[in-house]
Each structure stands twice: as structure tokens, then as C-alpha cells.
């Protein structure tokens with residue numbers, strides 16, 4: 001895990017490093033820890049079963065995708081970040097949550113050397129969306145919080161409105177595996 | 001920045017946001033920076049247009065236009081870096097400004113009947129300059145922008 005610093009860059013040698021993926025949605029670039037991503041797939045080659053939510057309680061989640069015996073809520077990246085429509089071609093399947101995020105594309109893999117706190121003046125949802133900011137190639141980029149795409153409250157809300165759907169979406173694959 | 005030698009008379013930094021010339025007490029102003037690279041990313045905090053990297057620190061950029069003029073400021077080449085000190089926030093922010101800033105000395109007099117974010121008034125060569133209460137100006141801009149967003153959402 002990259003060292004969290006208050007707001008100022010640290011001497012180069014004192015920093016711990018973190019492998020990250022740089023992805024883009026519309027005109028913006030973001031960083032996410034590579035350790036938090038289980039798999040990166042193009043939307044064309046995702047495979048698995050896609051199930052529509054019975055009750056899509058939030059605009060950013062309309063489907064569940066099943067993959068290798070696990071099911072994931074599909075979160076639209078542009079809806080999540082309140083952006084105008086983009087052209088998602090890539091899916092980030094997260095490791096720490098049942099979430100697959102639709103993004104436009106992966107720009108590069110990189111090494112993050114510093115994680116800066118979001119300035120206090122930022123008071124909105126971005127405090128949940130981002131772990132902080134980093135500097136890559138002299139550009140300031142937000143570092144996505146993998147647990148911020150669907151908060152515990154949002155996951156609970158989805159489960160309450162679509163009871164058992166996530167588990168049942170994963171079940172057929174498990175059954176086939178056992179057979 | 002033009003300077004005038006001061007004595008015990010308080011100093012103010014006069015600057016322009018859009019078409020409006022206003023001032024802040026000099027103690028709250030750190031520096032004026034020219035043409036910094038502005039980095040923007042999605043967020044939901046009103047008035048913030050992005051961040052700049054200044055001496056290894058991230059400095060948020062706050063547009064005072066919605067509070068002072070009811071509209072976003074035009075693109076700016078200069079940014080005035082100011083100190084925000086509230087119970088919840090203690091950090092530097094950059095304000096996009098048009099044209100040059102000026103350091104002046106003068107006595108601030110009460111400004112009755114002005115906008116609530118005006119804490120006083122300076123008389124400079126027969127020009128009257130409003131001295132801002134920075135936090136109230138930010139609050140006024142936040143309110144205006146939130147109302148604009150609410151109206152746009154209602155129409156969409």
C-alpha cells in the first residue's frame with residue numbers, strides 16, 4: 001500500500017510504491033490499485049451470464065454479470081462519476097467487492113509513488129470515490145477507492161430490492177462446476 | 001503585483017473576479033501565480049474547478065464568480081493563493097483572477113446595505129472597493145451553484 005502523506009510530496013526514497021492501472025472515462029483519467037483489480041476484460045470478451053436487475057434502485061447499476069462462479073454488480077463508471085455518457089469498452093472486475101466497473105479503456109499500468117490527501121475543500125461524494133490524488137507523468141490524477149463504487153449501504157440497498165439475485169446469478173455456474 | 005509602502009494602516013490585495021473589483025485583507029493572501037496547469041476530475045463540490053500543483057502541494061481552485069457575479073468566471077491566467085481558515089478547513093486555495101492584483105493600504109469602512117459577503121469598503125482614488133469575507137463569498141457561491149444545479153435537474 002502506498003504511504004499516505006498529509007499533503008506534501010515526500011523525498012523519493014521514503015515513499016513506498018504501488019502498482020496501479022490508469023483508466024479513462026470520457027475525457028478524464030483515473031488510477032486504481034492493481035491489487036484491487038482481479039481481472040480486466042473487454043466488454044466483448046467478458047463471457048458469462050448477464051442478468052437484469054429486477055429493481056434497478058440506482059441509475060449506475062442495472063445488471064449483474066456472472067463470471068467463474070461469482071456474480072458482480074455492473075457499475076457504469078460514467079454514471080458513478082456523474083459524467084455525460086461515454087463509450088465503455090472495458091470492464092474492471094474488482095477483487096474486494098462484488099463489483100465490475102465499466103470504463104472506456106485502460107491507458108497504462110504504472111507505479112504510484114505518492115498518495116496525497118484530497119484537499120479539505122472537497123466536501124462531496126468525491127471523498128467516497130477517491131482514496132486521494134497522485135502525480136503521474138506530472139499530471140495530478142484521482143486514485144479511485146475500490147470500495148467507493150458501491151458503498152456498503154448501496155450494496156445493502158441492492159440486495160434488499162433484489163433479494164437473492166446476486167447469489168442465484170452465481171449458482172448455475174457453481175452447479176455446472178460440481179457436475 | 002503592484003505594491004504601495006504601508007505603515008500601520010492595514011493592507012489589502014485588490015483583484016478582479018470577472019468584471020468585479022474586490023479586495024481581501026493582505027494577511028489572508030499567500031501569493032499570486034501565473035498560468036499554472038489546472039487539473040480537473042469529477043467531483044460534486046460546488047465552485048471547485050480543479051487543482052493545481054504548487055511546490056509539491058495540491059491546491060484546490062475555487063471560482064468566486066458564482067457568488068460575486070452569479071456566473072462562472074472567464075478563463076484566467078492568474079491565480080491568487082489564499083488561506084482558508086475555518087473550523088473544518090485549514091488550507092490554501094487558488095482563486096482565478098482577471099488582470100493584475102494590487103497591494104494597497106487603506107482604512108476599511110463599514111459597508112451597509114451591500115452583499116452579505118462584503119465585510120467593508122475601501123475608498124481608492126474615488127473608486128469604492130468591496131472587501132470580501134472569503135468564507136461568506138464561498139458560501140454565497142455554493143448556494144447559487146446548488147440552486148442552478150437544482151433548477152437544471154428539475155428541467156431535465
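Compute the helix-to-body angle for A:165-178: its Cα long axis versus the longest principal axis of chain A, expressed 0 to 90° and rounded to tens. Result, in degrees: 70.
Got a sec? How would B:150, A:89 order by Cβ neighbour count within 10 Å, fewest to most? Working shown, then result.
Numbers: B:150 10, A:89 13.
Starting with the residue having the fewest Cβ neighbours, the order is B:150, A:89.
In which sequence would A:64, B:33 go, from the one with the fewest C-beta neighbours within 10 Å to the one with the most?
On the way: A:64 24, B:33 16.
So the residues, fewest neighbours to most, are B:33, A:64.
Which part of region B:114-156 falls in the paramagnetic zone of residue B:44, meaning amide N under 13 Å from the point 7 Å along Cα-to-beta-carbon? It comes to B:150, nothing else. Largest GNM mean-square fluctuation among A:24, A:36, A:96, using chain A with Cα springs under 10 Å: A:96.
Across A:137, A:104, A:68, mean-square fluctuation computed from a Gaussian network of chain A (C-alpha pairs under 10 Å connected) peaks at A:137. When you restrict to C-alpha pairs under 8 Å that are six or more residues apart and normalise by the size of chain B, the relative contact order lands at 28 percent. When you work out D = kT/(6 pi eta Rh) for region A:17-172 at 20 °C and 1.002 mPa s, using the Kirkwood radius from C-alpha pairs as Rh and the Stokes-Einstein form, the result is 134 µm²/s. Across the alpha-carbon atoms of region B:111-151, the computed radius of gyration and Dmax are 12.9, 42 angstrom. For the pair residue A:50 and residue B:143, label points projected 7 Å from Cα toward Cβ lie 4.7 nm apart.
Dividing the mean sequence gap of close Cα pairs (under 8 Å, 6+ apart) by how many residues region A:28-179 holds gives a relative contact order of 27 percent. In the elastic network of chain B, a GNM with C-alpha springs shorter than 10 Å, the most mobile of B:42, B:110, B:66 is B:42.
Based on the Cβ-Cβ distance from residue B:123 to residue A:152, what FRET efficiency comes out when R0 is 51 Å, to the nearest 0.05? Rounded to the nearest 0.05, the efficiency is 0.35. Under the classification rounded if a/c is under 1.5, otherwise prolate if a/b is larger than b/c and oblate if not, where does region B:40-156 fall, given a ≥ b ≥ c as square roots of the Cα gyration tensor eigenvalues? In terms of gyration-tensor shape, oblate. Convex hull volume of the C-alpha atoms in the protein assembly as shown, normalised per residue: 165 Å³. Once both labels are positioned 7 Å from their Cα atoms along Cα-to-Cβ, the gap between residue A:87 and residue B:151 label points is 3.5 nm. Summarising the strand pairing of chain B, around 90 percent of its internal DSSP beta bridges are antiparallel. When the convex hull of its Cα atoms is viewed from all sides, region A:97-142 shows a mean projected area of 4.5 nm².
FYI, it's all coordinate maths here, none of it is from the lab. Values in this document were obtained by computation on a predicted structure and should not be read as measured data. Because the Cβ atoms are built from the backbone with ideal geometry, glycine has one as well, and the counts that use them run over all protein chains shown.
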